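Engineer: Below you'll find the structure I mean.
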Amino acid sequence: MEVHSASVRVLAGLDPEQRSAVTAPAGPVCILAGAGTGKTRAVTSRIAHRALSGEISARHVLAVTFTARAAAEMRSRLTVLGVQGVQARTFHAAALRQVRYFAPRLLQGRAMPELLDSKVRLVTLAAAKVGLRTDRAAARDLAGEIEWAKSSLVEPAEYVVAAAKALRDTSHEPAKVADVFAAYERLKRSNGVIDFEDMLRAAVWGIEEHRDVAEQVRAQYRHFVVDEYQDVNPLQQRLLEAWLGGRDDLTVVGDASQTIYSFTGATSSYLVDFPRRHRGATVVRLVRDYRSTPQVVGLANAVISQARGAEARLRLELVGQRPPGAEPELRIFTDEPAEANAVATRCRALVDAGTPAREIAVLFRTNAQSEAYEKALTEAQVPYVVQGAERFFERTEVRQAMVALRAATRSIPGETPLRTAVVEALSAVGWAPDAPPAGGAVRERWEALAALVQLAEEYAATPEVVPISPAASVERPATLADFNDELARRATQQHVPTVDGVTLASLHSAKGLEWDAVFLVGLSEGTLPTTYARTAEQVEEERRLLYVGITRAREWLWLSYASARSPGGRARRPSRFLPQLDRSGGAERAGPGPARKPERRRTQIVSCRICGATLLAGPDRKLGRCPTCPSDIDEELHERLCEWRLRVAGAQKVPAYVVFTDATLVALAERRPGRSEELIAIAGIGPRKLGLYGEAVLALVGGAAVDDVCPQKTF
């Protein structure tokens, strides 16, 4: 009875769609979950409901994710729900632990090869062997291409044909890339090392080619959950199928509109085709957005509503569940430095008004855009953090720490608790768990190493459950060697620890994260979409990138671009994905239906008289300022204008807004025009209204009483 009530409590507070996902029968289940719709809650509740009702055993569940952060969140929620023993891991972490466990059997006593932290060094050597000189950037590009090939199950001899079919845009001739790929594989073997794709392949090989290993793994793991299923690549899908072994107790969760990693080999085809591949599958759609305000949700829907292609078949229209908030702001600047400075100024204002710096993010298409914002935020004295492993893991102190951690595996006993082992290892580079030093570079260094200790604590929170026989398993605590492998994986996947400050991140690395305030910057043609997006499929992925960026914002969203890269530079057009300007200058969101022909009429550019940003929304253009810039309204004049409008509307028997809108009255009281030319410059006041009301308005601005311009006998 108690177990039953616990499983029922899991259902409390779920919306109807989430409840359908949680209570779906055993077998293939596909949860199409839009951004912010509570997918993690749904899948963890499904696991908990099944475990607490006695339908399954928690220790037989393997839940795979794409980031260690997502896996930790899943474990934490399951613990709160009263379920212990579920293995929530990334694909790489799950495969690595299985390969390590079975290595003595599979390798017949030979030592397991060392796992490469990065491909770049060996790729550089491989390129040199085939007569290709490369710098670090070129080596990274080649490494990425090799990762794509291996994740797509493409061998060196097959690369040229496969790259042509996939329309790969490579920095070198495909045949030369294939030569580097082959040389890289030979160097790996001669050096006795493996990369992350090799490790996934080893896990597949161990199951597919060794019946005893397959039986043991499948006896341990009988129920599977895959998060972010739209990001699975062919190699990961092959591993999943090996784990399943023809069984179908599989729950997948994904959103085709967030497919943004095809360049790495990821494909949404497994998600799109899931009902066809798994006949009788239960399909549930989660569309209630609990993350963002309805204004943000509306913009996200408008952007993705124009999507085309296979992913658009599973497009979800989100329904905002939060109270209304501010409209997204759309800004245009003369050049990129002006855009960066404006963003930094607004970040400073948000922080001063009480928004924590860690709840603010500046998102851009490419990492190269980061530098301008780093400079602007520094000048504005706003703390920031660059999201992405390249900056964090390339810091001198972090590289030294990782060397010390690897060396410590030879001197620190394996049974030492992980946090203790990490702290002891970091003492070799001068770090101690004392109070952090005062600000500056010394403080930054201490914080970076402290982040590694925090990672160790999170990593050690859930011990690995490993099978010892088809019917039994034991828990094995994480070791320092395991943690070193986790750091190597993070460095490869650009997954950095969380440090306080405004987050600067590419749109790709922002996937899965969220903030109270988000700045989407550099939204011009050639940047988003990038000039490298040449096919319809590539352009659609760029659209999905913007969609992902928009849906990272909880409460406040800013979208901007610069008309030129530098002062006086060549003019650029706004991204085709952005809302268009209507004839009156307001921001018009793209909606469903055929695209309208562009208007020939040119919209007058109106700039904020305070900060200089280009104003697009109709009310902002009337005011002549951004809604967040300080107002200098003459309250007494505003009251007289309101009274005058009320009398005129009454005499004409029309609603008050027909005379002038509220925004126009505020603009008049703020800008206080003294001549007809200044009056007609206010958006919303044309020649007709100037003729009807111009004399009276100018008199009121000049100090006249309402009775002076509206004699009582007239009404």
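Engineer: Send over a whole-number figure in Å² for the accessible area per residue of region 1-45, probe 1.4 Å.
Structural biologist: 40 Å²
Engineer: Suppose every K and R has +1 on its Cβ and every D and E has -1 on its Cβ; what is the size of the dipole of the chain about the Cα centre, in Debye to the nearest 20?
Structural biologist: Using Cβ point charges on Lys, Arg, Asp and Glu, the chain gives about 1460 debye.
Engineer: Less than 15 Å Cβ to Cβ from residue 426, Lys/Arg counted +1 and Asp/Glu -1: what total charge do the surrounding residues give?
Structural biologist: Neighbour charge sum, excluding residue 426 itself: 0.
Engineer: Using the Kirkwood radius built from alpha carbon pairs, what does the Stokes-Einstein equation give as D for region 48-182 at 4 °C and 1.567 mPa s, in µm² per second?
Structural biologist: In µm²/s, the coefficient is 71.
Engineer: I've got another one for you. For mean projected area of the Cα convex hull in nm², the listed values are [x] 31.3; [y] 38.0; [z] 46.0; which was obtained by calculation from the structure presented?
Structural biologist: [y]
Engineer: Cut-off under 16 Å on the C-alpha distance; same-chain residues fewer than 8 positions from residue 165 excluded. Which aspartates and glutamates are left, in chain and number order?
Structural biologist: 145, 155, 173, 537
Engineer: What value in Å³ per residue do you get for the convex hull of the alpha-carbon atoms in region 371-424?
Structural biologist: Spelled out: Cα convex hull of region 371-424, divided by residues, is 106 Å³.
Engineer: May I pose another question? Compute the signed sum of charges (Lys and Arg +1, Asp and Glu -1) over the other residues within less than 9 Å, Cβ to Cβ, of residue 195.
Structural biologist: In short, 0.
Engineer: Suppose R0 equals 25 Å. What FRET efficiency, 1/(1 + (r/R0)^6) with r the Cβ-Cβ distance, do residue 121 and residue 409 give to the nearest 0.05?
Structural biologist: Values: r = 21 Å, r/R0 = 0.83.
Computed FRET efficiency for residue 121 and residue 409: 0.75.
Engineer: Please give the Cα centre distance for region 295-318 versus region 180-211, rounded to the nearest Å.
Structural biologist: Cα centroid to Cα centroid, the span is 40 Å.
Engineer: What does the charge count near residue 417 come to, summing +1 for each Lys or Arg and -1 for each Asp or Glu among other residues with Cβ under 11 Å from its Cβ?
Structural biologist: Net charge around residue 417: -2.
Engineer: Between exposed GluC sites (Glu not before Pro) in the chain, where DSSP calls loop and at most 15 other Cβ atoms lie within 10 Å, what's the longest gap?
Structural biologist: Working: sites that count: 55, 317, 394, 415, 599.
Segment 56-316 is the longest.
Engineer: Here's a follow-up. Using the heavy atoms of the protein chains and a 1.4 angstrom probe, tell me the accessible area per residue for region 342-411 in square angstrom. Working shown, then result.
Structural biologist: On the way: 3430 Å² over 70 residues.
Spelled out: the 1.4 Å probe surface of region 342-411, per residue, equals 49 Å².
Engineer: Over region 102-191, average the accessible area per residue using a 1.4 Å probe and give it in Å², no decimals.
Structural biologist: 54 Å²
Engineer: Computing the accessible area with a 1.4 Å probe over protein heavy atoms, can you report the carbon and sulfur percentage for the chain?
Structural biologist: With neighbouring chains kept in place, the figure for the chain is 52 percent.
Engineer: Across the Cα atoms of region 140-244, what radius of gyration and what greatest pairwise Cα-Cα distance (Dmax) are found, in Å?
Structural biologist: Over region 140-244's Cα set, Rg and Dmax evaluate to 15.8, 47 Å.
The values are calculated or read from the model by the stated rules, or taken from the named source; none is laboratory data. In this text, all values refer to a predicted model and were calculated from it rather than measured experimentally. All Cβ positions, glycine included, derive from the backbone under ideal geometry; neighbour counts span all protein chains shown. Note: accessible area is taken over every heavy atom of the protein model, side chains too, but ligands, DNA and RNA are not part of it. Shrake-Rupley method; radii C 1.70, N 1.55, O 1.52, S 1.80 Å.
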